[in-house]
Amino acid sequence: MKQRDLKDEGKLHRETIKYMAVAAMVLNHFAYIFLIQGSFLYEVFTDIGYFTAITMCFFLVEGYGYTSSKRRYGVRLGVFALVSQMPYMMAFSGEGLMEFHSLNMIFSLFICYLILVAFDRIYDVNLRFFVVSALALVSLICDWSLFAPAFVLLFIWAGESKERRGMVFQVSAAVFCVFNFVSRLGQCPVLDNILYSIGNSAGIILAGVVIVYCYGGECAPKGSRSAKFSKWFFYIFYPTHLLVLGLIRMALKY
């Protein structure tokens, strides 16, 4: 992966976009836990939050290609997926203390990592198809079930092509819009449903604009103190913010 150079001046770099994704994720989670569903702020915060999942899937695919140790990459994802599960259940348990309703997003990313390994290590097309399909089905018990594996498969197909990446975001936004429209059929007037569904795809569209047109690659040199901080910050922040939100939820009895 290229380091920062003159042609990238003025562009957004990986760490910056990841911080944007973290901020969007916090807004999304805050809305789900504390705001009234259907309210203006709820819709705005959740829609902005949809920026995060597809962005992290993009960086997962990219990161798999340049990481110095694919094994350590997978171990980190697996460990932090396990660490994050209890805070995740605390944050999203409704009125209960701790309830299971799905596995957290890092589990989804770990499954996507295994899909990348399958493409990297399994040369038999039929066996690879079977393994990838099985992993996608396992994602049904995870956050962003099926969508996260689909995003990763599309980014594998896109490779380094700017045009194909643009197509990935367009297709993903359209499919997500239709999915949300269908899931709300009969729950609200059709016109409202259309507007809500278009809004739901706004985060994915924004992610596409940022990554396709504004992404300039790495900022801090690999191995630098700044790069190390950024790498571990994203892993540690996820369970930490869920734990904080969960404790606040329980204290306020949401």
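Coordinate-derived values only; no laboratory data. Keep in mind that what you see is a predicted model, and the values were worked out from it rather than measured. Positions of Cβ are generated from backbone atoms using ideal geometry, with glycine treated the same way; all protein chains shown enter the neighbour counts.
Full extension of the chain between L97 and L82 gives 3.5 nm of extra length, using 0.36 nm per residue less the Cα-Cα distance. Near the amide H of L103, within less than 5 Å, lie the amide hydrogens of C142, D143, all on another chain or at least 5 residues away, with H placed in the peptide plane.
To the nearest ten degrees, helix 225-252 and the longest principal axis of the Cα atoms of the chain are 10 degrees apart.
Modelled this way, with points 7 Å down the Cα-to-C-beta line, the labels at V171 and A134 are 2.5 nm from one another.
Against the compact-protein benchmark of 2.2 N^0.38 Å, the Cα-based radius of gyration of the range 78-225 scales to 1.22. Going down the table (K162/K228; K11/K162; K18/K253; K162/K231; K70/K228), which pairs top 21 Å between alpha carbons? The pairs that break the limit, which is 21 Å between Cα atoms, are K162/K228; K18/K253; K162/K231. Reported value for the range 179-218: 63 Å³ per residue, from the convex hull of its C-alpha atoms. Ranked by the mean number of other Cβ atoms within 10 Å of their residues, highest first, the peptides 67-73, 243-249 come out as 243-249, 67-73.
Sorting 20-30, 183-193 by their mean Cβ neighbour count within 10 Å, with the most densely packed peptide first, gives 20-30, 183-193. In the chain, helical runs assigned H by DSSP with n ≥ 4 each contribute -39500 (n - 2.57); averaged across all residues and rounded to the nearest 500, the mean residue ellipticity at 222 nm is -24500 deg cm²/dmol. Computed on the Cα trace of the range 47-95, the radius of gyration divided by the Kirkwood hydrodynamic radius gives Rg/Rh = 1.09. Dividing the mean sequence gap of close Cα pairs (under 8 Å, 6+ apart) by how many residues the chain holds gives a relative contact order of 32 percent.
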